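Working notes, structure below.
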Amino acid sequence: MVKTQYNTTIGEWMTDNGGEYVDKDYVKLLKDEGIEIQQSVPSQPQMNGRVERFNHTIDEKAESMRHQACLPDSWWEFSVLHANYLYNCTPCAVP
């Protein structure tokens with residue numbers, strides 16, 4: 001998609017060393033495409049600070065809305081989708 005829609009290539013792929021990105025076939029595919037693989041130190045979520053804060057922000061917004069609306073736990077997915085929608089609609093200053 002990046003090649004066809006944006007007419008560019010991916011040079012680096014940064015992961016948090018999660019299990020979903022350690023598959024041998026996946027790593028081989030990235031290397032065959034000439035993509036450099038960078039991984040953070042295992043069990044160190046501090047290295048992914050911005051992403052971890054964003055995940056916590058969305059989770060807290062979603063849980064707050066779900067509890068306020070008295071919705072059951074099974075509605076968590078809809079709460080997260082709505083929290084993400086609201087986050088994207090909120091204006092913010094870029095540092």
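Per-residue answers, yes or no, for (1) part of a helix (DSSP H, G or I); (2) in the same structural domain as Asn84 (by TED's automatic domain parsing); (3) out of contact with any Phe, Trp or Tyr (no Cβ under 8 Å at 6 or more places or on another chain); (4) under 30 Å from Tyr85 (Cα atoms):
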residue: Asn17; (1), (2), (3), (4): no, no, yes, yes
residue: Tyr26; (1), (2), (3), (4): yes, no, yes, no
residue: Gly34; (1), (2), (3), (4): no, no, yes, no
residue: Lys61; (1), (2), (3), (4): yes, yes, no, yes
Exercise for review: Enumerate the pairs (first residue in the range 67-83 and closer than 17 Å to Thr57 by Cβ; second residue anywhere and among the hydroxyl-bearing types (Ser, Thr, Tyr)) with beta-carbon separation below 9 Å, excluding pairs fewer than 6 apart on the same chain, so at least 6 apart or on different chains.
Suggested key: Ser79/Ser64; Ala83/Thr57; Ala83/Ser64
Practice item. Output the number of residues of the range 26-58 satisfying the condition of being modelled with pLDDT under 85, surrounded by fewer than 13 Cβ atoms within 10 Å (Cβ to Cβ) and in contact with an Asp or Glu (Cβ under 6 Å, 6 or more places away or on another chain). Key: 1
**Study point:** Filtered residue count, the range 59-80, keeping only those that are exposed (fewer than 11 other Cβ atoms within 10 Å of the Cβ) and in contact with a helix residue (DSSP H, G or I) (Cβ under 7 Å, 6 or more places away or on another chain)
**Key:** 0
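Can you name the residue in the range 1-25 that is hydrophobic (A, V, I, L, M, F, W, C) and closer than 25 Å to Gly49 by Cβ and is also modelled with the lowest pLDDT among such residues? Outline the logic, then answer.
Just the residues of the range 1-25 that are hydrophobic (A, V, I, L, M, F, W, C), to begin with: 1-2, 10, 13-14, 22.
Imposing the further condition that a residue be closer than 25 Å to Gly49 by Cβ reduces the set to 10, 13-14, 22.
Numbers: Ile10: 89, Trp13: 86, Met14: 82, Val22: 72.
Among them, the one singled out is Val22.
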Practice item. Determine if the range 81-95 includes at least one residue that is in contact with a helix residue (DSSP H, G or I) (Cβ under 6 Å, 6 or more places away or on another chain) and loosely packed, with under 14 Cβ neighbours inside 10 Å. Key: no
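The values are calculated or read from the model by the stated rules, or taken from the named source; none is laboratory data. These numbers were taken from a predicted model, which means no experiment stands behind them. Cβ: placed from backbone, ideal geometry, glycine included. Neighbour counts: every protein chain shown.
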